[in-house]
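The values are calculated or read from the model by the stated rules, or taken from the named source; none is laboratory data. Small disclaimer: the values here were computed from a predicted structure and weren't measured. Backbone-built Cβ (ideal geometry, glycine too); neighbour counts: all protein chains shown.
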Amino acid sequence: QGTSMVASMVVFEDGQPKKSDYRRFSISDESEFDDTKAMHHVITRRFKRYLEEKDIDIAEATAAGGSRPKFAYPPQLVVVDGGKGQVNAAAKALSELGITDVALCGLAKRLEEVWLPHSSEPIIFPRHSEALYLLQKVRDEAHRFAINFHRSKRSKIMLESLLDQVTGLGEIRRKSLLAHFGSVSALRASTQQEIANVPGIGEKMAKSIFDQLADRPIATKIDVQTGEILDA
């Protein structure tokens, strides 16, 4: 997802989303990652957890008051968002972890082609295929989940950047404002009194923040197809 690289994992059981098992991944050192490296990175993180948890005795963990490990069971099928490069990157990650019993495919959006690891040609399903519809449903749900996470993360970064520009605002107060408002739009839509009501801010600092925000208009560009915030 552009800047602030994130990835999402959604889970389907019996053709339906199982939202309690969804996961989000932040990729911290974005400069080292392209799409295929990011795919390898996320698949590695996900399945390392599986290897760590697969031998946990579920009954013992529950009896001890713990929760059921979310990654203790292997999926029947992993569907990655992308074509040949992304699928092969995911396959490499699984191979490096010694995992050979998990099926893998990718769905490339442009022509809705289905790719298998190390294949030279994709599989083309009929447009009315129920199998293709299910793969599209999984892919689109992963997109939705990732976009929501990206918006949230990008908004937080934008707010941090904006608050860094406010003179006289220390680290503790910045954290209070960040925790309270969460996004630039929420802060800019607030009144001076609402800012003053944030713990540790007070009337004088609220007026300073309010006045400085008024002097810093922000033009935000959004990709209308993906929902990605392109810049601040």
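For the stretch 42-70, what are the residues that are at pLDDT below 75, surrounded by fewer than 13 Cβ atoms within 10 Å (Cβ to Cβ) and not in a loop (DSSP other than H, G, I, E, B)?
A59, E60, T62, A63
Of all residues in the stretch 71-124 being touching a helix residue (DSSP H, G or I) at 6+ places or on another chain (Cβ under 6 Å) and among the aromatic types (F, W, Y), which is surrounded by the most Cβ atoms within 10 Å (Cβ to Cβ)?
W115
Restricting attention to the stretch 72-119, report how many residues are farther than 24 Å from R49 by Cβ and of a type in the set (S, T, Y).
1
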